[in-house]
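See structure below.
The values are calculated or read from the model by the stated rules, or taken from the named source; none is laboratory data. This one's a predicted model, so the numbers in the text were calculated from it and none came from an experiment. Glycine also receives a Cβ, built like all others from the backbone with ideal geometry; neighbour counts cover every protein chain displayed.
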Amino acid sequence: MTDSARVRPAVPEDIPGLAALFQTVFHAPAPPPFWQWKYHSPAVKALAIVAEEEGRIVGHYGGLLLPYRLGRRQYLALQATDLMTHPSVRHRVGRHSVLLNCAGLFFDLARQAGADFAYGFPGRSSRLLGEKYLDYRPLQALEVEALAVEPGPLRLPAEPFSVLEGESEVLLARHAERQRTGVLRAPAYLRWRYAEHPSVTYHQARHRSAFLVFRLDGEAWLLDWAWEKERDLEEALRGVFASLEGLGYQGLYAWRVNGDPLPVKSARQKPAGFHLEYKPINSDIQEELAAKGWFTPGDYDAA
């Protein structure tokens, strides 16, 4: 075996190797349809770098290029996703480091693509490596919030997320036009993100001018939300929680990094165990992003 892997942009033919690498690294499945959906869909622009050695994929550095609004300006953000290296190459350092070589090409291409900044939710080892070598900068240590939601008289079921159409699409398009901060939540993005995912069933609920997106696994997570009237949002949260409580869910969880507040208090908080990290590429807006940037569990879930 050589001590230097070939680093290059990923192609669809790499998908089986990426699925195998993900299983090895994270001990969880990410089958080929996931990679096709995430990195080769016409609905979103993606950037992915692989390291190849002796016919197998031993490293990956991926990202999604997304419009990000901050006040009156719109930027091109790059969300870093699916950073991984095979255990057999992690001992390599310096110019032979597989992850750093992938990152070098990744951020060169991101700069050429016009990305203003990168953000992500890296694990501890990737975060420390990034802060030491890649100009990662911590924005916030995230905390999970158990939302203090009182069940309401309205029982609002959380239904599987479907193709957006009609009044829901109109509502979300209006919300995207008014959105002050965050990845632009246009209907096309939400449709790709939640309706077209090949292996996860997300849930939605709508009440008047409020629209909520959930992930229901062992816990109920509020991922995204949009509304025009705060009262509608509060009633929607209470109505959904009334239904979830009847299904045995004990709480409703989220976090809120700046941006649009929810009309409910946090009953308790605990460290989420990971950080929101930032890296300037063509623009350095760290102070403004730390003060006004909006990131939700839906952003983390996409990573």
* Asked: Any residue at all in segment 131-153 that is touching a residue at least 60 places away in the same chain (Cβ under 8 Å), outside the structural domain of Ala46 (by TED's automatic domain parsing) and of a type in the set (Lys, Arg)?
  -> no
* Among (1) farther than 30 Å from Val257 by Cα; (2) modelled with pLDDT of 95 or more; (3) part of a helix (DSSP H, G or I); (4) among the charged types (D, E, K, R), where does Arg95 come up short? -> (2)
* To do: For segment 19-41, name all the residues that are over 15 Å from Pro198 (Cα atoms) and within 19 Å of the chain's Cα centre (by Cα).
  => Phe22, Phe26, Ala28
* Somewhere in segment 207-224, is a residue more than 20 Å from the chain's Cα centre (by Cα) and aliphatic (A, V, I, L, M)? -> yes
* Asked: Residues of segment 135-164 being surrounded by fewer than 19 Cβ atoms within 10 Å (Cβ to Cβ) and either β-branched (Val, Ile, Thr) or not in a strand (DSSP E or B) (or both), which ones?
  -> Asp135, Val144, Glu150, Pro151, Gly152, Pro153, Leu154, Arg155, Pro157, Ser162, Val163
* Identify all residues within segment 165-187 that are more than 25 Å from Tyr119 (Cα to Cα) and exposed (fewer than 14 other Cβ atoms within 10 Å of the Cβ); write none if there are none. => Glu165, Gly166, Glu167, Val170, Arg174
* Inside segment 1-82, counting only strands (runs of 3 or more DSSP E) that do not spill past its ends, which hold 1 or more residues that are of a type in the set (Phe, Trp, Tyr)? -> 56-70
